[in-house]
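Asks: Dropping a structure here in structure tokens format, bear with me for questions.
The values are calculated or read from the model by the stated rules, or taken from the named source; none is laboratory data. Quantities reported herein were computed from a predicted structural model and do not represent experimental measurements. Cβ: placed from backbone, ideal geometry, glycine included. Neighbour counts: every protein chain shown.
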Amino acid sequence: MSSQYPNSGRLSSNKYKEAGDKKPDLVGDITMTRQALKGLLDEHPDDEIVIKLSAWNMSGNYGPWIRLAWNNYKPKTEQTAPPVQKPLNIDSEDIPF
């Protein structure tokens, strides 16, 4: 399924679910561009990649559905020290006033 938003997806009611069975309530997909997937692999050297999901309740011709968007979760790394300002090497004689 192609989504109208890049790197997004959708969930909708499972029309094959019957009362009492163990089939999922919602089914759907998420579509990622190759570039986004490669970027995830390059940015996360560990085996685990966390992807944050956002969802919006929507309605359409076939009933309600949920629009999904994902965001690459980047854990905070060590805080780097703020840049140190270097003193200017100006001789007082160079100041025109």
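Asks: Looking only at the range 72-87, count how many residues are surrounded by 10 or more Cβ atoms within 10 Å (Cβ to Cβ) and either among the hydroxyl-bearing types (Ser, Thr, Tyr) or at pLDDT 85 or above (or both).
Replies: 1
Asks: May I pose another question? Do the conditions hold for Ser54, that is, is it over 15 Å from Asn71 (Cβ atoms) and either in contact with a Cys (Cβ under 9 Å, 6 or more places away or on another chain) or in a strand (DSSP E or B) (or both)?
Replies: So Ser54 fails the test.
Asks: Does the range 64-71 contain any residue that is surrounded by 13 or more Cβ atoms within 10 Å (Cβ to Cβ), under 16 Å from Gly9 (Cα atoms) and more than 15 Å from the chain's Cα centre (by Cα)?
Replies: Yes, because at least one residue in the range 64-71 is surrounded by 13 or more Cβ atoms within 10 Å (Cβ to Cβ), under 16 Å from Gly9 (Cα atoms) and more than 15 Å from the chain's Cα centre (by Cα).
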